[in-house]
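Here's the structure, in structure tokens; my notes come after.
The values are calculated or read from the model by the stated rules, or taken from the named source; none is laboratory data. Keep in mind that what you see is a predicted model, and the values were worked out from it rather than measured. Cβ placement follows ideal geometry from the backbone for every residue including glycine, while neighbour counts extend to all protein chains displayed. In case anyone asks, the SASA skips ligands and DNA or RNA and just uses the protein heavy atoms, side chains included. Shrake-Rupley method; radii C 1.70, N 1.55, O 1.52, S 1.80 Å.
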Amino acid sequence: NCGVARLPNDAFTMIAQGCNANLAPDGSGMFFNLIGDHRHIKLYDRSGGQKAQVAVNTMPGNEKDPKRAVWRPRWSNDIRFITVQSADLGQDADISIGRFDEGFTKIEAWVRIADTPDYDGNALAWIEPVSPLAGGNKQAR
């Protein structure tokens, strides 16, 4: 279950049932959970209002089967990026990182970061922040 708790010791409002609830890393209070079809996440704002339903099974390797499930979506340290693991644990097991569009209505780009027959149950990503360099240019590390 996921929802909104008003602290200290006030009411808990359940918003949805599903798995893999994640709280945004930026302090915005936005959160998501993987819904029962294991193909979409629902994003919510701080108050629990639904922002969007986003397909996360569009990662590389799932193009042939639009009903293919995924597991363990996880927010990275940067709110625009999540990791997702394919539900296959055999020859097609893989992990991808996706980037949300600016409105958080879809994943606009994917990159496969692992392709292995070995099980990897907790794929997490750290996105290095861009830092200013001499002359005002910026470069990702």
Quick check, is Val54 without any contact (Cβ under 8 Å) to a residue 40 or more places away in the chain, buried (at least 18 other Cβ atoms within 10 Å of the Cβ) and under 14 Å from Gly98 (Cβ atoms)? no
With respect to the numbered conditions (1) assigned to a strand (DSSP E or B); (2) loosely packed, with under 14 Cβ neighbours inside 10 Å; (3) of a type outside the set (Ser, Thr, Tyr), which one is the sole condition not fulfilled by Gly36? (1)
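Gln17 - would you say it is over 26 Å from Leu7 (Cβ atoms) and free of Cβ contacts under 8 Å to residues at least 24 places away in the same chain? Please lay out each step first, then the result.
Values: over 26 Å from Leu7 (Cβ atoms): no; free of Cβ contacts under 8 Å to residues at least 24 places away in the same chain: yes.
Considered against the rule, which asks whether it is over 26 Å from Leu7 (Cβ atoms) and free of Cβ contacts under 8 Å to residues at least 24 places away in the same chain, Gln17 comes out as no.
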Positions within the stretch 5-33 being assigned to a strand (DSSP E or B), over 17 Å from Ile82 (Cβ atoms) and not β-branched (Val, Ile, Thr), in sequence order: Ala5, Phe12, Met14, Ala16
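Looking at the stretch 65-89 only, could you name the residues that are assigned to a strand (DSSP E or B) and more than 19 Å from Gly36 (Cα to Cα)?
Keep residues of the stretch 65-89 that are assigned to a strand (DSSP E or B), which gives 70-75, 81-86.
The answer is Phe81, and nothing else.
Give me the residue from the stretch 39-51 that is within 20 Å of Asp78 (Cβ to Cβ) and not in a loop (DSSP other than H, G, I, E, B) and, out of that set, most open to solvent (accessible area, probe 1.4 Å).
So in the stretch 39-51, the residues within 20 Å of Asp78 (Cβ to Cβ) come out as 41, 43-46, 51.
Among the residues that remain, those that are also not in a loop (DSSP other than H, G, I, E, B) are: 41, 43-44, 51.
Details: Ile41: 0, Leu43: 0, Tyr44: 7, Lys51: 104 Å².
The selected residue is Lys51.
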Which listed residue, of Ile79, Ile95, Ile107, is touching a strand residue (DSSP E or B) at 6+ places or on another chain (Cβ under 7 Å), modelled with pLDDT of 90 or more and surrounded by 14 or more Cβ atoms within 10 Å (Cβ to Cβ): Ile107
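In the stretch 120-141, how many residues are part of a loop (DSSP other than H, G, I, E, B), at pLDDT 60 or above and over 30 Å from Ala52 (Cα atoms)?
Of all residues in the stretch 120-141, those part of a loop (DSSP other than H, G, I, E, B) come to 120-130, 133, 137, 140-141.
Restricting the remaining residues to those that are at pLDDT 60 or above gives 121-130, 133.
Narrowing the set further to residues that are over 30 Å from Ala52 (Cα atoms) leaves 133.
Final tally of qualifying residues: 1.
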